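Undergrad: Have a look at this one.
The values are calculated or read from the model by the stated rules, or taken from the named source; none is laboratory data. Just so you know, these numbers come straight off a predicted model, no measurement behind them. Surface areas here come from the heavy atoms of the whole protein model, side chains and all, with no ligands, DNA or RNA. Shrake-Rupley method; radii C 1.70, N 1.55, O 1.52, S 1.80 Å.
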Amino acid sequence: MANGEKHGSGCVLSSAITANLALGFNIYDSCLKAKQYVTHFLASTPDLLGYHIQD
């Protein structure tokens, strides 16, 4: 995997989708934003644990 495997990446994705929905985004935009967030999370470190980065 180019970005490495991360523990909890599925939970991060579902939480990010839920958070975006709570912020008022529609389901499509919530999923797009969550995918971008998880991509940054996966690329944050080559280790098993990732870093949550705020933009």
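Undergrad: Taking 0.36 nm per residue of separation and subtracting the Cα-Cα distance, what length does fully extending His40 through Ile27 add?
TA: Between His40 and Ile27, full extension yields an extra 2.7 nm.
Undergrad: For Phe25, Phe41, give the ranking by accessible area with the largest first, probe 1.4 Å.
TA: Listed by decreasing accessible area, they come as Phe25, Phe41.
Undergrad: What are the residues whose amide H is under 5 Å from the amide H of Ser44, where those residues sit 5 or more places off or on another chain and H is modelled from the backbone?
TA: Tyr51
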